[in-house]
1. Can you tell me which residue within the range 12-28, out of those that are exposed (fewer than 14 other Cβ atoms within 10 Å of the Cβ) and assigned to a helix (DSSP H, G or I), is farthest from the chain's Cα centre (by Cα)?
2. Give the range 138-148 a look and list any residue that's under 27 Å from residue 33 (Cβ atoms) and either surrounded by fewer than 16 Cβ atoms within 10 Å (Cβ to Cβ) or touching a residue at least 60 places away in the same chain (Cβ under 8 Å) (or both), or say none.
3. Can you name the residue in the range 138-148 that is outside any loop (DSSP other than H, G, I, E, B) and under 22 Å from residue 80 (Cβ atoms) and, of all such residues, is nearest to the chain's Cα centre (by Cα)?
4. Please go through the range 72-89 and give me each residue that is surrounded by fewer than 10 Cβ atoms within 10 Å (Cβ to Cβ) and under 27 Å from residue 142 (Cβ atoms), ordered by number.
5. Of all residues being in contact with a helix residue (DSSP H, G or I) (Cβ under 7 Å, 6 or more places away or on another chain) and modelled with pLDDT under 95 in the range 91-137, which is surrounded by the fewest Cβ atoms within 10 Å (Cβ to Cβ)? Just the residue, please.
6. Scan 47, 80, 31 and give me the residue that is under 20 Å from the mean Cα position of the chain (by Cα), part of a loop (DSSP other than H, G, I, E, B) and either under 20 Å from residue 120 (Cβ atoms) or at pLDDT 85 or above (or both).
7. What number of residues within the range 88-137 are in a loop (DSSP other than H, G, I, E, B) and within 23 Å of residue 42 (Cα to Cα)?
């Protein structure tokens, strides 16, 4: 009688060329509080501003190039346009997963390879790959799969 085989994975093992991103649906499936985690990435000035406020508030944002007004997530917008520009947003003391997450927050969650992440946070691309490509998913950071 033949032995049962394991189904092959639809995704190849990630490499240094694999692009990663924050999978926000992971947060929903895990019933994790994304907004609370995001609040922890605010600079000290904005922690005070957002203290006790509705963290899901949207704001009007004016595109500086087109003058088009759109509604955006106020918390993420603040992280991207102010907090991520502070000199201590990512330091050598920032936990690796937090540093990676902060890079994705700052770049609007555009997919990046471990090498690109390495250039932004100053940590080894191999260490980054080992950390975010294992069986444990940290903070929703997963390989990016092109939509069909």
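1. Only one residue fits best here, namely 28.
2. Of the residues in the range 138-148, the ones under 27 Å from residue 33 (Cβ atoms) are 138-145, 147.
If the condition is that a residue be under 27 Å from residue 33 (Cβ atoms) and either surrounded by fewer than 16 Cβ atoms within 10 Å (Cβ to Cβ) or touching a residue at least 60 places away in the same chain (Cβ under 8 Å) (or both), then 139, 140, 141, 142, 143, 144, 145, 147 are the ones that fit.
3. Only one residue fits best here, namely 141.
4. Residues satisfying the conditions do not exist here.
5. 108
6. Working: 47 fails: part of a loop (DSSP other than H, G, I, E, B); 80 fails: part of a loop (DSSP other than H, G, I, E, B).
Answer to the selection: 31.
7. Of the residues in that region, 16 qualify.
The values are calculated or read from the model by the stated rules, or taken from the named source; none is laboratory data. Nothing here was measured: the structure is a model prediction, and the numbers come from that model. Because the Cβ atoms are built from the backbone with ideal geometry, glycine has one as well, and the counts that use them run over all protein chains shown.
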